[in-house]
């Protein structure tokens, strides 16, 4: 084990994602010494560079595998995982998703390719002020955490990104292969809390149409009229 990996492990940070400043505070000494320790650890694999200035110990020095969602958080602080990545995480779509896609607070789409954690993309959306994290949960993943969109928020983010128009519930159940039962589990408050989130009228039109379609589908299933489940 390298000197750096040993010091990180002894500090109880073996499973953490570390900034350059955290490493510097932990290692102490002058800049040249810290630079040498980091470079040696990178060369022998005991330290991995997530991106410039952000690091994690190599796999053999951690207690378990690292989920890509917290890595996405480290790549672009302030972002949250959404789109197909969050839908697959919640079991709403059957396909495996091999890249992690997030909504970012910036103005540019960003992409990262990492040899150890896969591909990441970050997309800005037109979201109303103070509603960036509406419908987003803080999720613990081992000793790390990530912000992950709830299913309906992830779906609406995808609609906003692709500029999709409402084309009937079949686009969801057949095109995206979302189980209708998942849609029927949505509550009135799930729809209500997302209505002030998006700046684009088309997204809100989609949300209203989906709420109406869920109501019709539930009435059909129940065999009686009623409102979206409270």
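Where a number appears in this text, it was derived from the coordinates with a stated rule and is not lab data. Since the structure is predicted, the reported quantities are computational estimates derived from the model, not experimental observations. All Cβ positions, glycine included, derive from the backbone under ideal geometry; neighbour counts span all protein chains shown.
Rounded to 0.05, the FRET efficiency of the residue 32 and residue 10 pair, given R0 = 22 Å and the Cβ-Cβ distance, is 0.45. Net length available on complete extension from residue 141 to residue 63 is 26.8 nm, with 0.36 nm assigned per residue and the Cα-Cα distance removed. Averaged over residues, the count of other Cβ atoms within 10 Å places the peptides 45-51, 196-202 in the sequence 45-51, 196-202, highest first.
Our Cα-only numbers for region 114-178 put the radius of gyration and Dmax at 14.6, 42 Å. Over the chain, DSSP H runs of length four or greater, each weighted -39,500 (n - 2.57), average out per residue to a 222 nm ellipticity of -11500 deg cm²/dmol.
For residue 39 and residue 88, what does the FRET efficiency come to when R0 = 41 Å and r is the distance between their Cβ atoms, rounded to the nearest 0.05? After rounding, the FRET efficiency stands at 0.65. Treating r as the C-beta distance of residue 212 and residue 126 and R0 as 25 Å, the FRET efficiency rounds to 0.60.
Taking 7 Å steps out from each Cα toward its Cβ at residue 119 and residue 20 produces label points 2.8 nm apart. The relative contact order of region 3-61, computed from alpha carbon pairs under 8 Å that lie at least 6 residues apart in sequence, is 41 percent. Any chance you could give the angle, 0 to 90 degrees and rounded to 10, that helix 31-44 forms with the longest Cα principal axis of the chain? The answer is roughly 70 degrees. The modelled label-to-label distance for the pair residue 167/residue 185, using points 7 Å beyond Cα in the direction of Cβ, is 2.6 nm.
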